[in-house]
Amino acid sequence: MSITYLEAIREAQAHLLREDERVFIYGQDVSGKFGGAFKATKGLAAEFPGRVLNTPISEDAMVGTAIGAAMEGMRPIVEMQFADFSSVALNQILNNAGTQYWRTNIPCPITVRLPSGGTKGSGPFHSQSMEAIYSHYPGLVVVAPATVEDAYTMLIDAVAIDDPVIYCEHKYLYYHLKADALPKDRLPIGKARIVRPGRDLSIVTYSAMVHEALAVAKQFSADGIEIEVVDLRSVKPLDTDTVLASVARTGRLLCVGESFPWGGATAEIVARVATEGFHLLDAAPARINAKDTPIPYHPNLWSEHRPNAKSIAAKARQVLAE
Amino acid sequence: MSITYLEAIREAQAHLLREDERVFIYGQDVSGKFGGAFKATKGLAAEFPGRVLNTPISEDAMVGTAIGAAMEGMRPIVEMQFADFSSVALNQILNNAGTQYWRTNIPCPITVRLPSGGTKGSGPFHSQSMEAIYSHYPGLVVVAPATVEDAYTMLIDAVAIDDPVIYCEHKYLYYHLKADALPKDRLPIGKARIVRPGRDLSIVTYSAMVHEALAVAKQFSADGIEIEVVDLRSVKPLDTDTVLASVARTGRLLCVGESFPWGGATAEIVARVATEGFHLLDAAPARINAKDTPIPYHPNLWSEHRPNAKSIAAKARQVLAE
Amino acid sequence: MLQTAKRAGDSASHKAVPHERYLEAFRWMLQTRIFEDKLASLYRGGMITGGVYIGRGQEAVSTACGLFLQKGDVLAPLIRDQAARATFGEPLLNVTRTYLGSRQGSMRGRDGNIHRGYPEAGQLAMISHLGAMIPVVVGKLLAKRMKGEEGFVGLTTIGEGGMQTGATHEGMNIAAVEKVPFVLVASNNHFAYSTPNDREFACAHLVDRARGYGYEGHQIDGTDLAACLEVIGGAVERARAGGPPQLVVAQLLRLAGHGEHDDASYVPPEMKKERWAQDCVALTEQLALKNNWLDAEALKQWRTEISAEVDKAVETAQREAAPVGSEEDWCAMSTRELVDVVGE
Amino acid sequence: MLQTAKRAGDSASHKAVPHERYLEAFRWMLQTRIFEDKLASLYRGGMITGGVYIGRGQEAVSTACGLFLQKGDVLAPLIRDQAARATFGEPLLNVTRTYLGSRQGSMRGRDGNIHRGYPEAGQLAMISHLGAMIPVVVGKLLAKRMKGEEGFVGLTTIGEGGMQTGATHEGMNIAAVEKVPFVLVASNNHFAYSTPNDREFACAHLVDRARGYGYEGHQIDGTDLAACLEVIGGAVERARAGGPPQLVVAQLLRLAGHGEHDDASYVPPEMKKERWAQDCVALTEQLALKNNWLDAEALKQWRTEISAEVDKAVETAQREAAPVGSEEDWCAMSTRELVDVVGE
Ligand SMILES: Cc1ncc(C[n+]2csc(CCOP(=O)(O)OP(=O)(O)O)c2C)c(N)n1
Ligand SMILES: Cc1ncc(C[n+]2csc(CCOP(=O)(O)OP(=O)(O)O)c2C)c(N)n1
Ligand SMILES: [Mg+2]
Ligand SMILES: [Mg+2]
């Protein structure tokens, strides 16, 4: 058996619907035979009648409805058709879901699935990574699984959490990533993972960029340079301890993110290491993000807009040379 | 004559309406005798008939309309009643205004005024500072004047810029800040200002926090410690050169922001200094932000939620002790 | 299939409301008026942090919004709904605690005044963004249905200004798509803050929106308590019985500033002469006295009782301690182990 | 004051459209059909990056949307509006350039396909978020009026799915408040992607929304070209002449997948038998031939000409160079000195 990242998301939802009657799925085109624009809910409507519901094109109301249902004891999973469309649900996410427990003491366990990140030819409005915006505001957990196994266990864990969770699933990984089987074990949300140990440089990243970083690490290894790759898994909470421990080992830090450059996860990681682990650093930390323009449609442009193995390698060389 | 920060904003708009027939003001309650929830447009409707327009409670459409008008050659100023309500206009701001020039080559010179920041008793939905969200996405200029003079010149400059500008005006400064007269000179948008020179520590900040920082600097000066205070003025573009030059002088950095802690301006500043000015630092940089919860309504809670002279001083002492 | 918008004859229907019900409602209106007058005077005395927003002139509509709700129902009140909140079970003490900054209010000093909720009695805590509570009510109703509950209804209020937000549109529509028992009561008090109707919308009657969402629509004179009780009560009953969502639009005038900081000098004097610009509390009182449903002595007695209640709520709250920053845990999440230890 | 929604008798009004106009429109429809068939086959051949979204079955409505616009007017087309775009002046070459990734397309490789605009001919570049272009059109019209221009009109299309977004609501309302000459043409093609009408809205007729905004409303059979020309043409004329905003709702069926990647197997077979589910291009062709407005020979000639045009546009674009990353300046702003030198 072989299972893709996308299938893992589907399987996690099937598992959740089976095991927990409070769970339902709410989103555009998730129901019927169709099963979602990316087929992440394929077959679930038939298997779980009345629990996989199509919505109007009303992201704000979709999230608002989920919030109400969650406050009433349910565990809704909202599927955005693309992360980019959550911009019109942002008010409900930040100001209603994010503040609910703090204001009223009533937990608001919604999970919002955001098909995120760039793929070839998708352009400015079907490629965005929005973790920075959702992490900036209080009250939300923001996760971004990089592997098939994490896609599965972290979605199950996300729904179990009593707080709102923004689950950033990467569209590029949907089909590109395969595992042999569904995982037996899990690392809890909130913990980062060292996906490749090393002694010369720590690359701290998450989501699709983990794989670019691994490619670079492999390449450098041939020259005897051992890069440690840290997969954050969740960007909020951000596992500062694991990051600091890695930098303590390597003395060097490169942060990689696919999102826009101002602020965001790479700024937050560098800032935490600089403020809390300054003496651990043997050289200036570095970061690399997408360029500060909208995400281009044409593959020639897109492949240069995002960080990639080549640009990460170049940056890694700079950090190592210092 | 004495003029407040709020009056400076009004005067800047009067000046703009007088000098540039492309300018109009669009927002809730800005028109009539009323002149805005904070009176920032008081009297302007009578003086400039047909150019100060009340809108329905439709932030998304307000910004969308301004975008269309700007593309057609006008220079709209949109007043949000509170920055917090721009969450429902965010899609138009980020995805339409922010991408317009890059996608179509057509400039989109809108100015969105965001009455920002905390005041006593305003609570979670009338106190927010949203500069981090707007700076993260490409295509926008984001300014946050800290003085009466800047409030005036930067609003005039904002409207002159061919790109969308998010103008974060601080509600706490509206009445608290007074100047003797409108300024004759101006520092252009994009340049930071050293508002107090020092040699021992650089506090880099913006908006209302500039004044908290100045209070701390004054207090430390009595003990012979000279803090340099850098007022960023615009957080995007962020004047890295001036910040680095300051850190080069002092060797120590403390960044202060009123916004939420994850990501945001303080993370971006620390990250830039750590990556580009690592060798300039004699000690670990530090930062201080509001707490990671919604902004409390009760003054007892609010005053501890935001950074203040006391908490900044404590942090400054730590950085100096290292 | 769905019924189309109809207009209730303005106040032709008094007979339908038994006078006990009318009096019961009037007492809530009176309580609200006396209580809000007190809040306004506390505000003027500088005793309140933040704003005071009252529902003067809207007590008849608001009382009717609370009066027909039952345990298990959901109410999402807005800024002018002191009457609905009280009628549906929020004690005055919770209000004074919130306004006066007692740590014992339902918001614990974290949020204030009109944003307060009272979950014990099915009352949601609003966020400011107008329209945002509509889908939340829909979600509560959907969940109740999923859990097998029956006979419940959800009611939200909105101003004519708030009807223009995208959130209201999406929320109204999704309620109809989900076929939940939902009632939206819109008070057209002719202003959104200072903005008059002609800069808010361009349709002849806001009730004409009903048909476009598949709602049943009703229009009332919001100063006429009997009409409010009949039409809003009827709408709640229709929704509860499985009818389509209901939209009730009331015509009235806000008889105060937007908040107590606002002198409302933008209201044109002519407008104050409209029939729907009258004071519903005074009208109700007059009718009750005229019809001998209540005598002057009993009314005086009511006033005395209410004033005592109000004073007690104020005094109690005033004696209570304020929240203290050092005792806050500054944690926005219920899952403590997932709190981000944010690098300062 | 404002007229209320009325329903055009489905196709009772052929006589009003002169047959030259009918034929002119038909030629655009035919061009669109042949061109989009070509795009679809290029897509199947793997020649296109990103999706292909076509307007099959919606050519009559879309053609009518473009045909009555003049220089100075504003068109904000959406994904199914190849016909409107072409009719209102976008050359086929701009389309093939965009679809085939030529750097010479109006979006220069930065945005693709259906998102393209064509400012030279008054055509805005849409963002994906449905409804978002409506207020942008309003702003253009408002600005034109402020600048003293006259006689212009703005037209936006929307699907029945897009009518449920908050952006559409706020945009429709603000157009009416601003009294700008605005026409919204909504195609109810019975699906938003895979979602059928009953999960999109709950009103009997979407045209019933018109009255609630102060629009004039019209309903047409979108497969009937004559009705489309008369009603949409009339709406454009009414708006141009200073009438209130106009809402035209067309009934039809999308005769393709949502995009070419989609087999639309969720469309129930019974639905395909509805009158409004027919192919408007075939119907128009039949009527033109039957009435002898066009003979088979001339039609064949048209097809040949159009195919040649289409092939030429494709070939030209295919020969052109793609954009190159190293030549991009990666700058989202027109004010170069304000570009943030972001620390990497
Ligand atoms: C989305 C949004 N924008 C702006 C505001 C600020 N605001 C608070 S109340 C108000 C006026 C509301 O008018 P209306 O809905 O008619 O209610 P009323 O105050 O008249 O009862 C405004 C603009 C808000 N709460 N939400
Ligand atoms: C706000 C928003 N949410 C989701 C989408 C994704 N999306 C693109 S087209 C589409 C269906 C549109 O349906 P409709 O408006 O009826 O137009 P049609 O495709 O039928 O012509 C959806 C959901 C979007 N573009 N915008
Ligand atoms: Mg009102
Ligand atoms: Mg459709």
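Which is more than 14 Å from chain D (Cβ to nearest Cβ) and in contact (Cβ under 8 Å) with a residue 60 or more places away in the chain, of A:Ser259, A:Ser246, A:Ser207?
The conditions single out A:Ser207.
Could you grab me the full set of residues in segment C:308-327 that are at the interface with chain B (Cβ under 7 Å from one of its Cβ atoms) and surrounded by 19 or more Cβ atoms within 10 Å (Cβ to Cβ)?
C:Pro323
Before we move on, is D:Gly162 within 16 Å of ligand 1 (Cβ to nearest atom), closer than 24 Å to B:Asn96 by Cβ and buried (at least 24 other Cβ atoms within 10 Å of the Cβ)?
no
Pick from A:Ala83, A:Ala89, A:Ala151, A:Ala132: which is within 12 Å of the chain's Cα centre (by Cα), buried (at least 24 other Cβ atoms within 10 Å of the Cβ), within 14 Å of chain D (Cβ to nearest Cβ) and within 24 Å of A:Phe24 (Cβ to Cβ)?
Matching residue, one of A:Ala83, A:Ala89, A:Ala151, A:Ala132: A:Ala83.
Being among the aromatic types (Phe, Trp, Tyr), farther than 25 Å from C:Pro119 by Cα and touching a Pro at 6+ places or on another chain (Cβ under 6 Å) is true for just one of A:Phe82, A:Phe125. Which residue is that?
The unique qualifying residue is A:Phe82.
Against the definition (among the charged types (D, E, K, R) and more than 16 Å from ligand 2 (Cβ to nearest atom)), how does C:Glu170 come out, yes or no?
no
Here are some residues: B:Val165, B:Val148. Which one is hydrophobic (A, V, I, L, M, F, W, C), more than 16 Å from ligand 1 (Cβ to nearest atom) and touching a Ser or Thr at 6+ places or on another chain (Cβ under 6 Å)?
B:Val165
Residues are listed down the side, and each one gets a yes or a no for (1) farther than 24 Å from D:Asp262 by Cα; (2) more than 10 Å from ligand 2 (Cβ to nearest atom):
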{"residue": "D:Thr98", "(1), (2)": "no, yes"}
{"residue": "D:Leu142", "(1), (2)": "yes, yes"}
{"residue": "D:Val153", "(1), (2)": "yes, yes"}
{"residue": "D:Tyr193", "(1), (2)": "no, no"}
{"residue": "D:Asp198", "(1), (2)": "no, yes"}
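Residues in segment C:93-104: is at least one modelled with pLDDT of 95 or more, closer than 26 Å to C:Ala25 by Cβ, away from every other protein chain (no Cβ under 11 Å) and not in a helix (DSSP H, G or I)?
no
So, in segment C:182-207, how many residues would count as being within 13 Å of chain D (Cβ to nearest Cβ) and either out of contact with any strand residue (DSSP E or B) (no Cβ under 7 Å at 6 or more places or on another chain) or without any contact (Cβ under 8 Å) to a residue 40 or more places away in the chain (or both)?
Residues that pass the stated criteria total 10.
Given the criterion of a type in the set (S, T, N, Q) and more than 8 Å from every other protein chain (Cβ to nearest Cβ), identify the matching residue among B:Thr111, B:Thr104.
On inspection, the qualifying residue turns out to be B:Thr111.
Within the group C:Ala241, C:Ala264, C:Ala250, which residue is within 16 Å of ligand 1 (Cβ to nearest atom), under 30 Å from C:Phe152 (Cα atoms) and modelled with pLDDT of 95 or more?
The unique qualifying residue is C:Ala250.
Could you please find all residues in segment A:8-48 being in contact (Cβ under 8 Å) with a residue 60 or more places away in the chain and away from every other protein chain (no Cβ under 13 Å)?
Selection gives A:Ala8, A:Ile9, A:Glu11, A:Ala12, A:Gln13, A:His15, A:Leu16, A:Ala40.
So which residues in segment A:274-296 are in a helix (DSSP H, G or I) and touching a residue at least 24 places away in the same chain (Cβ under 8 Å), if there are any at all?
Listed by number, the residues that qualify are A:Glu276, A:Leu280.
Check C:Arg7 against each of (1) modelled with pLDDT under 95; (2) within 29 Å of C:Ala317 (Cβ to Cβ); (3) in contact with a His (Cβ under 8 Å, 6 or more places away or on another chain); (4) not hydrophobic (A, V, I, L, M, F, W, C) and name the one condition it does not meet.
Only one criterion is unmet by C:Arg7, namely (2).
From the residues in segment C:32-91 that are polar (S, T, N, Q) and crowded, with 22+ Cβ neighbours inside 10 Å, which one is farthest from C:Val180 (Cα to Cα)?
The extreme case among them is C:Thr49.
Suppose the filter is in contact with a helix residue (DSSP H, G or I) (Cβ under 8 Å, 6 or more places away or on another chain) and either within 30 Å of A:Pro188 (Cβ to Cβ) or more than 14 Å from chain D (Cβ to nearest Cβ) (or both); does A:Ser221 pass it?
no
Can we say C:Gly112 is modelled with pLDDT under 95 and either surrounded by 23 or more Cβ atoms within 10 Å (Cβ to Cβ) or in contact with a Pro (Cβ under 7 Å, 6 or more places away or on another chain) (or both)?
So C:Gly112 passes the test.
Hey, does segment D:172-189 have a residue that's more than 16 Å from ligand 3 (Cβ to nearest atom), assigned to a helix (DSSP H, G or I) and not hydrophobic (A, V, I, L, M, F, W, C)?
Checked segment D:172-189: no residue is more than 16 Å from ligand 3 (Cβ to nearest atom), assigned to a helix (DSSP H, G or I) and not hydrophobic (A, V, I, L, M, F, W, C).
Working only within segment B:297-310, note down all residues that are assigned to a loop (DSSP other than H, G, I, E, B) and either more than 21 Å from the chain's Cα centre (by Cα) or basic (Lys, Arg) (or both).
Result: B:Tyr297, B:His298, B:Arg306.
Any idea which of A:Ala271, A:Ala217, A:Ala313 is assigned to a helix (DSSP H, G or I) and in contact (Cβ under 8 Å) with a residue 40 or more places away in the chain?
Sole residue among the options that is assigned to a helix (DSSP H, G or I) and in contact (Cβ under 8 Å) with a residue 40 or more places away in the chain: A:Ala313.
Which one of C:Gly217, C:Gly233, C:Gly212 is more than 9 Å from chain D (Cβ to nearest Cβ), away from ligand 3 (no atom under 16 Å from the Cβ) and out of contact with any strand residue (DSSP E or B) (no Cβ under 6 Å at 6 or more places or on another chain)?
Answer to the check: C:Gly233.
Read through the list (1) in a helix (DSSP H, G or I); (2) crowded, with 24+ Cβ neighbours inside 10 Å, then give the number of the only condition that A:Tyr26 fails.
Going through (1) in a helix (DSSP H, G or I); (2) crowded, with 24+ Cβ neighbours inside 10 Å one by one, A:Tyr26 breaks only (1).
Quick grid of which residues meet (1) away from ligand 2 (no atom under 15 Å from the Cβ); (2) not assigned by TED's automatic domain parsing to the domain that holds A:Gly32; (3) not aliphatic (A, V, I, L, M):
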residue: A:Gly50; (1), (2), (3): yes, no, yes
residue: A:Glu59; (1), (2), (3): no, no, yes
residue: A:Met62; (1), (2), (3): no, no, no
residue: A:Ala66; (1), (2), (3): yes, no, no
residue: A:Met71; (1), (2), (3): yes, no, no
residue: A:Met74; (1), (2), (3): yes, no, no
residue: A:Ile77; (1), (2), (3): yes, no, no
residue: A:Asp84; (1), (2), (3): no, no, yes
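Please pick out the residue among A:Gly251, A:Gly257, A:Gly264 that is at positive phi, surrounded by 24 or more Cβ atoms within 10 Å (Cβ to Cβ) and not assigned by TED's automatic domain parsing to the domain that holds A:Pro124.
A:Gly264
Considering segment A:96-144 alone, what residues qualify as being without any contact (Cβ under 8 Å) to a residue 12 or more places away in the chain and at negative phi?
Selection gives A:Arg103, A:Thr104.
Of all residues in segment D:144-171, count the ones that are more than 11 Å from chain C (Cβ to nearest Cβ) and either outside any loop (DSSP other than H, G, I, E, B) or farther than 24 Å from A:Gly35 by Cβ (or both).
17
Might you let me know whether segment C:254-263 holds any residue that is facing chain D (nearest Cβ under 10 Å) and farther than 22 Å from C:Thr63 by Cβ?
Within segment C:254-263 (the criterion being facing chain D (nearest Cβ under 10 Å) and farther than 22 Å from C:Thr63 by Cβ), the answer is no, since none of the residues qualifies.
The values are calculated or read from the model by the stated rules, or taken from the named source; none is laboratory data. In this text the structure is predicted, and so the values were computed from the model without any measurement. Please note: Cβ atoms are built from the backbone with ideal geometry, for glycine as well, and neighbour counts cover all protein chains shown.
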